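The values are calculated or read from the model by the stated rules, or taken from the named source; none is laboratory data. Bear in mind the structure is a predicted one, so any value in this text is a computation, not a measurement. Quick reminder, even Gly has a Cβ in these numbers, built from the backbone with ideal geometry, and neighbours come from all protein chains shown.
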Amino acid sequence: MAADKVISSGGPWEAKIGYSRATVAGEYVHVSGSTATVDGVLQHEGDAYGQTKTALEVVIAGALAQAGYSLEDVVRSRVYLTDAADMDAAGKAHGEIFGEIGVFAPDHRRTCSARCITDVDLFCLKRDPNTPFAI
């Protein structure tokens, strides 16, 4: 397996579809699409702002913590929306969390469910500060 660590959400979809909430590979963490579903219950139904905030602050931050990472280590994110009209609300939630980092890359596509109107995935990197960056 290429992953050093696999982090499960405990959701029923993982075994059925063959994915995990996050995978750690070296210095990298890849977080799969995450909705505002907490303990099997969708939070903030119909509210793009609330769903985006919950997906990031509760679901994704929790997975990152299990890997020893935080939202401050995010270098790229994507927010998928079922309706482009929700862009401002989802963007507001995203901006409150990531501020000046500038990792937001919105994308208007169908999410996994009509009830889950936002779906967030992201990529993190935590480099050893003593290791020079090379391209």
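Observations, loosely collected:
- Close Cβ contacts (under 7 Å, 6 or more residues apart or on different chains) running from residues in the stretch 1-22 that are farther than 12 Å from Ser34 by Cα and touching a residue at least 40 places away in the same chain (Cβ under 8 Å) to residues that are in a loop (DSSP other than H, G, I, E, B) and of a type in the set (A, V, I, L, M, F, W, C) comprise Lys5/Ala67; Ile7/Ala67.
- For beta carbons closer than 9 Å, sequence separation of 6+ or different chains, a first residue in the stretch 76-96 that is without any contact (Cβ under 8 Å) to a residue 12 or more places away in the chain and a second that is of a type in the set (A, V, I, L, M), the qualifying pairs are Ala85/Ala48; Asp88/Ala48.
- Complete set of residues in the stretch 40-99 that are assigned to a strand (DSSP E or B), within 27 Å of Pro12 (Cβ to Cβ) and out of contact with any Cys (no Cβ under 8 Å at 6 or more places or on another chain): Val41, Ser77, Arg78, Val79, Tyr80, Leu81
- The one condition in (1) under 18 Å from Thr118 (Cβ atoms); (2) of a type outside the set (Val, Ile, Thr); (3) buried (at least 18 other Cβ atoms within 10 Å of the Cβ) that Tyr69 fails to fulfil: (1)
- Residue that is modelled with the lowest pLDDT [pool: residues in the stretch 2-14 that are among the hydrophobic types (A, V, I, L, M, F, W, C) and in contact with a strand residue (DSSP E or B) (Cβ under 9 Å, 6 or more places away or on another chain)]: Ala2
- Within the stretch 15-58, the residues that satisfy the criterion of being surrounded by fewer than 20 Cβ atoms within 10 Å (Cβ to Cβ), at pLDDT 90 or above and of a type in the set (A, V, I, L, M, F, W, C) are Val38, Val41, Leu42, Val58.
- Annotation: of all residues in the stretch 76-100 being aliphatic (A, V, I, L, M) and surrounded by 14 or more Cβ atoms within 10 Å (Cβ to Cβ), the one that is nearest to Asp4 (Cα to Cα) is Val79.
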